[in-house]
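Notes follow once the structure below has been shown.
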Amino acid sequence: MNKTIQKFRLQFIVISIASLAIVLFSTVGLMIGTDFSRAHGEATRVMSALVRNNGQLTPQDSHEFSQNQSPFNALINNRPNPDSVYQYRYFSVAVNNNKLKILNWQNSKVYGVSQDKILNVTRHLLNKKQTKGVTILARNTYSYEVIANSNGKKMVVFLNTSLIYERSWSLLRLAILLTLGALVFFAIILIILSKRAIQPVVRSYEKQQQFITNAGHELKTPLAIISANTEMEEMMGNESEWTQSTKQQTARLTKLINQLISMARLGETGDLVLSKVNFSEIVEESAKSFSSVIKNDGKTYQIAIQSGLYVMAEKQSLMEVVNILLDNAHKYCTEKGIVKISLHKNRFAQTAVLRVSNSFKNGKNINYETFFDRFYREDESHNNKKSGYGIGLAMARDTIHAFNGKINVSYKDGMIHFDVVLKLVK
């Protein structure tokens, strides 16, 4: 399985797992959010009943709890049970001329908190002059509210809300564990079955690559005959602008077919034989070969190559990448512009960075990533003013990816920059 198929398979697995994760976490989040909303509503209704009854709960309050809830909560909650009021933990502190007295202490079943602690906390809360809020007692959360009796005396009502929210927190922990377990199980099954799932795509891709290769070889023969016949016509004294045009277009089509076959072979094998090559020498050789043609075109040519940089690659293919980038820079450089090529070492990442740049006016608001698409042409009319077929940069990208490197394009200060990054080897 070549790297293109492996990448597609990995993307298929990641997208499938991510999609399931979004669905599961959205469902779980909605469920947990609803349950926390239910718990909050329950705590609010119980506290309201305590305030209304001067710190007491009666079995009749269970019916009021069911009547004062939202229609949705009424749908998902159980029917009112008179005994449900006995599940809550609460107490109250009466305030009379700065004297405090704990009420309902015997029935509150509050453990781990002394009465002195409660009295001290109550004094602290009264000094804050807040009528309601939340406080912590013995690692439990208590909601409190300060109320005034009909005789004008104050009372502070406390309700243990940790117990009310405990079910929601338990449900949250269980939901997270089950969701993560489901994702792991799904990932294992998907990894096992993914090869079979993408087989139709793999077969289609392989047939496409094989068709390009076979068609290319079949087209070479008639092109060779056309070229030979044209040359024979010229040798017989029939040379004209038409024969010259035929030869040019034949050569152009032959080059295009060779590039298509090269791309197809790269996709079929997916694993070039990589070896340690001198990147500096390859770049220098290619840069020198373009020197005269760029300078004769009236453009400024700047070269800066750091010597002694080695990478893992296939020499001829890497040189072809450099040639493609230089040819592209020369072809699309603005008139009297600048073409630059540089190679340097990134000390932090331990990589070799090749940068090929050229002047390019009107370069803003362009999606440069489309330059790597096959058969992309900067001029939409696809005229022959600038020779090319729109597959050179696509070939460069596929080749660099086969070398486990990166290639990207950017635009800054009127210059297009193509950067190739390959890992250095010693």
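Considering only residues that are loosely packed, with under 15 Cβ neighbours inside 10 Å, at negative phi and either modelled with pLDDT of 55 or more or not assigned by TED's automatic domain parsing to the domain that holds A329 (or both), which ones fall in the range 379-410?
Those that are loosely packed, with under 15 Cβ neighbours inside 10 Å, at negative phi and either modelled with pLDDT of 55 or more or not assigned by TED's automatic domain parsing to the domain that holds A329 (or both): N408, S410.
Just give me the residues in the range 266-286 being assigned to a helix (DSSP H, G or I) and modelled with pLDDT under 65, in sequence order.
Keep residues of the range 266-286 that are assigned to a helix (DSSP H, G or I), which gives 266-269, 279-286.
Within the range 266-286, L266, G267, E268, T269 qualify.
Quick one: is K109 at pLDDT 80 or above and over 30 Å from L24 (Cα atoms)?
Considered against the rule, which asks whether it is at pLDDT 80 or above and over 30 Å from L24 (Cα atoms), K109 comes out as no.
List the number of the failed condition for Q316; all other conditions in (1) part of a loop (DSSP other than H, G, I, E, B); (2) under 22 Å from V277 (Cβ atoms); (3) polar (S, T, N, Q) hold.
Checking Q316 against (1) part of a loop (DSSP other than H, G, I, E, B); (2) under 22 Å from V277 (Cβ atoms); (3) polar (S, T, N, Q), the one that fails is (1).
Any residue at all in the range 307-321 that is among the charged types (D, E, K, R), under 22 Å from K406 (Cβ atoms), surrounded by 17 or more Cβ atoms within 10 Å (Cβ to Cβ) and in contact with a Lys or Arg (Cβ under 8 Å, 6 or more places away or on another chain)?
Looking for residues that are among the charged types (D, E, K, R), under 22 Å from K406 (Cβ atoms), surrounded by 17 or more Cβ atoms within 10 Å (Cβ to Cβ) and in contact with a Lys or Arg (Cβ under 8 Å, 6 or more places away or on another chain), one finds none in the range 307-321, hence no.
The values are calculated or read from the model by the stated rules, or taken from the named source; none is laboratory data. Remember, predicted model here, so these are calculated numbers, not experimental data. So basically every Cβ, Gly included, is an ideal-geometry build from the backbone, and we count neighbours across all protein chains shown.
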